[in-house]
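*Asks:* Encoded as structure tokens, here's the structure I'll be asking about.
The values are calculated or read from the model by the stated rules, or taken from the named source; none is laboratory data. What you are looking at is a predicted structure, and each value in this text was computed from that prediction instead of being measured. FYI the Cβ positions are ideal-geometry reconstructions off the backbone, even for glycines, and counts take in every protein chain you see.
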Amino acid sequence: MPNKSNTKKGQSTLAKRKALFPWLVPLASLRLTLTLLSLSMVLIFIATLEQVEIGIRGAQAKYFESLFGIWHYPIQFWGGEYLNSIPIPIPGGWLLGGLLIMNLTAAYITRFQWTMKKFGIQLIHLGIIMLLVGQLVTQAIQEESRMQINKGESSNYIERFHGVELALIDVTDPKQETVVSIPQELLEEGGLISSEDLPFRVSVKSFGSNCDFDVVSSKDKRVGVSKEVDQGVGFSANLSIKPKSEDYSSEAMNFGYLVFELTDATGSLGTWLTLSHPAGNHWWKESPKLAELAFQPIRHKGKLWGLTLRSKREYLPYSIELLGIENEFYQGTETPFNFESDVMINMDGNEGRRALVYMNTPLRHEGKTFYQYQMNKAADYTVFQVIRNPSWLVPYIACIIVSIGLLWQFGFHLVRFLRKNSLQKA
Amino acid sequence: MIHSSMIPAKAQLVCGTILILVSLSSCSDEPVVKKSVIAPEYTGPVVAWVLPENWGENPALAGPMAGSFHVMTKEGPKGRIGVMPFRESVSSLEVANMFAREIGYGLLDEENLVPLLEKKMIGAREFEWIRLEEQRQTQAQKTVLLALYRKDSQTWLFPFIGEKTLIDEELENFSRFLEYTVLRAGSKPIKALSSPVSSSPPPAQLPPGPPPPDWTIPSHWTPGQASSMRLASHKISDEEGNELDFSVTTFPGDVGGLLANVNRWLGQIGLEPTDEEGLKQYVSPIKIDGMAAQLVEASSSDKTFYAAILMRNNSSWFFKLTGEKTLALKEKENFSEFLDSVCFHKP
């Protein structure tokens, strides 16, 4: 039971902490907390408005995964014709989240009394800090990918939902393939890209995350950057492309494009065009004219290389084999109530682990979580959504801490109230 | 030593805030070129080579060629070297007959082939080596050197065609090329017959080979440029300078099938490739020497081709007339008469 001496002790340690960290005192302001919370509400409101125009992913990237975003007052709102042209900076999720963490931490150090009476409140705030930090870490490092497996086959890689890479694959050795991948960020920077793992240099002529493409009847009818192409399927099929801006909507079909020249010590080897298919480059094989977009061959110094612009790929140290799939429907309807994939994880040293993946029951393996995402029973394949989130446990721990804090605080006051009541009755 | 109390509180606050925000916004990985070594995934055929310094690559590949090269000399490019994978059965005799007519041989049979064929080890590879010398008296004596490599169910043909002196000079380069060229079939097997001159001795008396087919060429068609691929080659022209090219070629197997061949020809006259459904508008059934064949007709704005395809004894025969549209229309009847005249001398 706290008494006056405890309170005094708490106040004196608080004074000591304030003296030790004087620069944290303004950061611990309650006004700052309220301002940040208010700005968070403004941010959510504006991002919700913007989501209509630029989609969930666009709004998330522009407003929540940034320090600030520039917003234009909607033209259809009152006075929009005058106000729309004014760029309004909006504090982003990382800025507000970061400041909230600092504000709470500063309050923890310079404002809260570290006494048993306030222990519950300290726990609640600690839980909230953990939630905020966990969310920031998740935003920064979480990766979402997909893995498609045909029944009876296995896969040892996952592909990102967003972002592409130029893969140059040496397939000459029958025992292994060497894959050299250039990520989208470097392709966006442009210029000359070289690597000690490549026998040639890649000079980026044009790169974009979306385009319209067409097979035209002659070379002269190709437009823009595609005119320069003199090698590969872009040349043989007379592919013409028109760059366009990326579509952020959930139904988006963004075809990334890359026009690049390869050079070696002897000079230019030619200019190629490659396109990425939003549903995976294996879909190019369905089109006889464009099948080579999945693998454009180049022979160089006795080796056969293949080129392809594809979804960013991550190879895994294990493979997952699809043994069987099952989907069940509500009786008399075509509404599914369960998708189920029976898989075997094949690891090094002939180790295996069998698992059943179905709705709300993901497979967790080596830091990755495989959720049942899509399934096609007719075509016999399954698609997993694969999440890598090292901080996935943090929200659970934070909620437990907040719950303990609330129980402590309410319990403490209840006990005090009951004791006071019994004393009064006595 | 600097103590924290020596730095003003506001400066500490600003620096601390900036540091935390910067560290938060730079959590993601730095983009770099990555290398991964993985188990083989590519299922297509692998053919790769290192060319001798004095060889050049021909950009346009004809028919089933996987690669085509020439020798660079002071007088310009000379000779023709190729890499040809076979997806269907092919014997040494069939291969030899593909080239023999060009340099004056009649149709070879097993007996004729024996003295022309030898086995040769180059590096770790064993080749069937067929050397055909020009049979006619010409200024530049031509030689056809055929190297056949069989591995499991795959067959690869390397033809080297050129003047005798050129082939003799380039023999070392050709051997090195054969030794180091990477050859690997894809998941679709390339099938071939076992060698007719393998470990088992030939039968005591081989049945005589079939005589070559006959046909009647219209009198106004003039002989055109011959090549190893062409059993007949003629030109047709009119007073306005319009020209047509006529050829008869044969290859083992189906050379990719009807659709692939039609699409290749459509591309040659500037038309879009078609699919199985669209094929019907170009193809109609005909008979050649009483055997079922297909006639393919297509026209673009200025060009036309007529082609007849016949599959006989696991070989494809192509009879093709192509060129200027109006002249082709005039010659269509002559082409039909030519097809009617083809005779394979069936037993």
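*Asks:* Of the residues B:336, B:301, which single one is more than 23 Å from the chain's Cα centre (by Cα) and within 14 Å of chain A (Cβ to nearest Cβ)? Quick ask: steps written out before the conclusion?
*Replies:* Working: B:336 fails: within 14 Å of chain A (Cβ to nearest Cβ).
Answer to the check: B:301.
*Asks:* Further, regarding this structure: Search segment A:246-268 for residues being among the aliphatic types (A, V, I, L, M) and surrounded by fewer than 17 Cβ atoms within 10 Å (Cβ to Cβ), and hand back the single one that is nearest to residue A:62 (Cα to Cα). Quick ask: steps written out before the conclusion?
*Replies:* Pass one, segment A:246-268, residues among the aliphatic types (A, V, I, L, M): A:252-253, A:258-259, A:262, A:265.
Still in the list and also surrounded by fewer than 17 Cβ atoms within 10 Å (Cβ to Cβ): A:252-253, A:265.
Values: A:252: 17, A:253: 20, A:265: 43 Å.
Selected residue: A:252.
*Asks:* Ok, one more. Working carefully through the options B:47, B:71, B:95, find the one that is crowded, with 17+ Cβ neighbours inside 10 Å, facing chain A (nearest Cβ under 9 Å) and either modelled with pLDDT of 60 or more or touching a His at 6+ places or on another chain (Cβ under 9 Å) (or both).
*Replies:* On the way: B:71 fails: facing chain A (nearest Cβ under 9 Å); B:95 fails: facing chain A (nearest Cβ under 9 Å).
Of the residues listed, the single one that is crowded, with 17+ Cβ neighbours inside 10 Å, facing chain A (nearest Cβ under 9 Å) and either modelled with pLDDT of 60 or more or touching a His at 6+ places or on another chain (Cβ under 9 Å) (or both) is B:47.
*Asks:* Turning to a different aspect of this structure: Mind listing whichever residues of segment A:186-205 are crowded, with 18+ Cβ neighbours inside 10 Å and either part of a strand (DSSP E or B) or touching a helix residue (DSSP H, G or I) at 6+ places or on another chain (Cβ under 7 Å) (or both)?
*Replies:* A:202, A:204
*Asks:* Are any residues in segment A:123-172 within 11 Å of chain B (Cβ to nearest Cβ), over 30 Å from residue B:48 (Cα atoms) and touching a Lys or Arg at 6+ places or on another chain (Cβ under 9 Å), and if so, which ones?
*Replies:* Passing the criteria: A:141, A:142, A:143, A:163.
*Asks:* With respect to residue A:172, determine if the residue is of a type outside the set (Asp, Glu), at negative phi and within 28 Å of the chain's Cα centre (by Cα). Lay out the reasoning, then the answer.
*Replies:* On the way: of a type outside the set (Asp, Glu): yes; at negative phi: yes; within 28 Å of the chain's Cα centre (by Cα): no.
It is false that residue A:172 is of a type outside the set (Asp, Glu), at negative phi and within 28 Å of the chain's Cα centre (by Cα).
*Asks:* Going by what's in this entry, would residue B:118 be described as without any contact (Cβ under 8 Å) to a residue 60 or more places away in the chain, among the acidic types (Asp, Glu), farther than 26 Å from residue A:299 by Cβ and buried (at least 16 other Cβ atoms within 10 Å of the Cβ)?
*Replies:* Working: without any contact (Cβ under 8 Å) to a residue 60 or more places away in the chain: yes; among the acidic types (Asp, Glu): yes; farther than 26 Å from residue A:299 by Cβ: yes; buried (at least 16 other Cβ atoms within 10 Å of the Cβ): no.
No; evaluated as a whole, the condition is false for this residue.
*Asks:* Based on what the data block shows, is residue A:308 more than 14 Å from chain B (Cβ to nearest Cβ), within 30 Å of residue B:56 (Cα to Cα) and in contact with a strand residue (DSSP E or B) (Cβ under 7 Å, 6 or more places away or on another chain)? First the steps, then the outcome.
*Replies:* Values: more than 14 Å from chain B (Cβ to nearest Cβ): no; within 30 Å of residue B:56 (Cα to Cα): yes; in contact with a strand residue (DSSP E or B) (Cβ under 7 Å, 6 or more places away or on another chain): yes.
When the stated conditions are applied, residue A:308 does not pass them.
*Asks:* Another question about this same structure. Take segment A:173-185 and flag every residue that is at the interface with chain B (Cβ under 7 Å from one of its Cβ atoms) and either within 12 Å of residue B:35 (Cα to Cα) or crowded, with 20+ Cβ neighbours inside 10 Å (or both).
*Replies:* Within segment A:173-185, A:177, A:178, A:179, A:180, A:181, A:182, A:183 qualify.
*Asks:* Can you find a residue that is part of a strand (DSSP E or B), in the same structural domain as residue A:209 (by TED's automatic domain parsing), over 21 Å from residue A:151 (Cβ atoms) and modelled with pLDDT under 85 anywhere in segment A:280-299?
*Replies:* Quick first cut of segment A:280-299, residues part of a strand (DSSP E or B) only: A:296-299.
Pick out the ones that are also in the same structural domain as residue A:209 (by TED's automatic domain parsing) and you get A:296-299.
Those still in the list that are over 21 Å from residue A:151 (Cβ atoms) too: A:296-299.
If we keep only those that are modelled with pLDDT under 85 as well, we get A:299.
Yes, segment A:280-299 contains a residue that is part of a strand (DSSP E or B), in the same structural domain as residue A:209 (by TED's automatic domain parsing), over 21 Å from residue A:151 (Cβ atoms) and modelled with pLDDT under 85.
*Asks:* What's the number of the condition residue B:256 fails, among (1) on the phi > 0 side of the Ramachandran plot; (2) within 14 Å of chain A (Cβ to nearest Cβ); (3) at pLDDT 85 or above?
*Replies:* Unmet condition: (3).
*Asks:* I'm trying to understand the selection: among the residues of segment B:89-106, which are assigned to a loop (DSSP other than H, G, I, E, B) and either closer than 21 Å to residue B:181 by Cβ or among the polar types (S, T, N, Q) (or both)? Working first, answer last.
*Replies:* Step one: filter segment B:89-106 for residues assigned to a loop (DSSP other than H, G, I, E, B), giving B:89-91, B:104-106.
Within segment B:89-106, B:89, B:90, B:91 meet the criteria.
*Asks:* For segment A:186-224, give me each residue that is away from chain B (no Cβ under 13 Å) and hydroxyl-bearing (Ser, Thr, Tyr).
*Replies:* Answer for segment A:186-224, where residues must be away from chain B (no Cβ under 13 Å) and hydroxyl-bearing (Ser, Thr, Tyr): A:203, A:206, A:209.
*Asks:* Which one of A:18, A:9 is modelled with pLDDT of 80 or more, over 27 Å from residue A:252 (Cα atoms) and among the charged types (D, E, K, R)? Break it down stepwise before answering.
*Replies:* Numbers: A:9 fails: modelled with pLDDT of 80 or more.
It is A:18.
*Asks:* Of all residues in segment A:261-300, how many are more than 14 Å from chain B (Cβ to nearest Cβ), polar (S, T, N, Q) and touching a residue at least 24 places away in the same chain (Cβ under 8 Å)?
*Replies:* Residues meeting the conditions: 4.
*Asks:* Restrict the check to segment A:46-60 and report whether at least one residue is crowded, with 19+ Cβ neighbours inside 10 Å, of a type in the set (Asp, Glu), free of Cβ contacts under 8 Å to residues at least 40 places away in the same chain and not in a strand (DSSP E or B).
*Replies:* Within segment A:46-60, one or more residues are crowded, with 19+ Cβ neighbours inside 10 Å, of a type in the set (Asp, Glu), free of Cβ contacts under 8 Å to residues at least 40 places away in the same chain and not in a strand (DSSP E or B).
*Asks:* Does segment A:83-115 hold any residues that are away from every other protein chain (no Cβ under 11 Å) and of a type in the set (Gly, Ala, Ser), and which are they?
*Replies:* Selection gives A:85, A:107.
*Asks:* Considering only segment B:285-301, state which residues are out of contact with any Ser or Thr (no Cβ under 6 Å at 6 or more places or on another chain), closer than 25 Å to residue B:323 by Cβ and surrounded by 14 or more Cβ atoms within 10 Å (Cβ to Cβ).
*Replies:* Listed by number, the residues that qualify are B:286, B:288, B:293, B:294, B:296, B:297, B:298, B:299, B:300.
*Asks:* A further question on this structure: Go through segment B:262-291 and give me each residue that's at pLDDT 80 or above and under 16 Å from the mean Cα position of the chain (by Cα).
*Replies:* B:262, B:263, B:265
*Asks:* Do you know which residues across segment A:209-236 are in contact with a helix residue (DSSP H, G or I) (Cβ under 9 Å, 6 or more places away or on another chain) and either among the hydroxyl-bearing types (Ser, Thr, Tyr) or buried (at least 20 other Cβ atoms within 10 Å of the Cβ) (or both)?
*Replies:* Matches in segment A:209-236: A:209, A:222, A:226, A:229, A:232, A:233, A:234, A:236.
*Asks:* Here's a follow-up. Go through segment A:124-166 and report how many residues are outside any strand (DSSP E or B), among the polar types (S, T, N, Q) and surrounded by fewer than 16 Cβ atoms within 10 Å (Cβ to Cβ).
*Replies:* Residues of segment A:124-166 that are outside any strand (DSSP E or B), as a first pass: A:124-142, A:151-153.
After this cut, where a residue has to be among the polar types (S, T, N, Q) as well, the list is A:135, A:138-139, A:142.
Pick out the ones that are also surrounded by fewer than 16 Cβ atoms within 10 Å (Cβ to Cβ) and you get A:142.
Residues in segment A:124-166 being outside any strand (DSSP E or B), among the polar types (S, T, N, Q) and surrounded by fewer than 16 Cβ atoms within 10 Å (Cβ to Cβ): 1 in total.
*Asks:* If only one of B:110, B:169, B:134, B:128 is over 21 Å from the mean Cα position of the chain (by Cα), at pLDDT 90 or above and acidic (Asp, Glu), which one is it?
*Replies:* That would be B:169, the only listed residue that is over 21 Å from the mean Cα position of the chain (by Cα), at pLDDT 90 or above and acidic (Asp, Glu).
*Asks:* Let me ask something else about it. Give segment A:206-240 a look and list any residue that's among the basic types (Lys, Arg) and not in a helix (DSSP H, G or I), or say none. Don't jump to the end; show me each part of the working.
*Replies:* Pass one, segment A:206-240, residues among the basic types (Lys, Arg): A:219, A:221-222, A:227.
Residue satisfying the conditions is A:222 alone.
*Asks:* Considering every residue within segment A:196-208, establish whether at least one is without any contact (Cβ under 8 Å) to a residue 40 or more places away in the chain and under 28 Å from the mean Cα position of the chain (by Cα).
*Replies:* Checking segment A:196-208: not a single residue is without any contact (Cβ under 8 Å) to a residue 40 or more places away in the chain and under 28 Å from the mean Cα position of the chain (by Cα).
*Asks:* A further question follows. Just a yes or no: is a residue in segment B:18-26 out of contact with any helix residue (DSSP H, G or I) (no Cβ under 6 Å at 6 or more places or on another chain) and at pLDDT 85 or above?
*Replies:* no
*Asks:* Among the residues of segment A:327-360, which ones are part of a loop (DSSP other than H, G, I, E, B), of a type in the set (S, T, N, Q) and on the phi < 0 side of the Ramachandran plot? Break it down into steps so the answer makes sense when it comes.
*Replies:* Our first condition is that a residue be part of a loop (DSSP other than H, G, I, E, B); within segment A:327-360, this holds for A:330-335, A:347, A:351, A:359-360.
Going one step further and asking which of them are of a type in the set (S, T, N, Q), we end up with A:331, A:333, A:335, A:360.
Result: A:331, A:333, A:335.
*Asks:* Restricting to segment A:269-279, count the residues that are crowded, with 20+ Cβ neighbours inside 10 Å and part of a strand (DSSP E or B).
*Replies:* Taking segment A:269-279 as the starting set, the residues that turn out to be crowded, with 20+ Cβ neighbours inside 10 Å are A:271-277.
With part of a strand (DSSP E or B) added as a condition, the list becomes A:271-275.
Of the residues in segment A:269-279, 5 are crowded, with 20+ Cβ neighbours inside 10 Å and part of a strand (DSSP E or B).
*Asks:* Going through segment A:259-301 one residue at a time, which ones are more than 17 Å from residue B:44 (Cα to Cα) and among the small types (Gly, Ala, Ser)?
*Replies:* A:265, A:267, A:268, A:270, A:276, A:279, A:280
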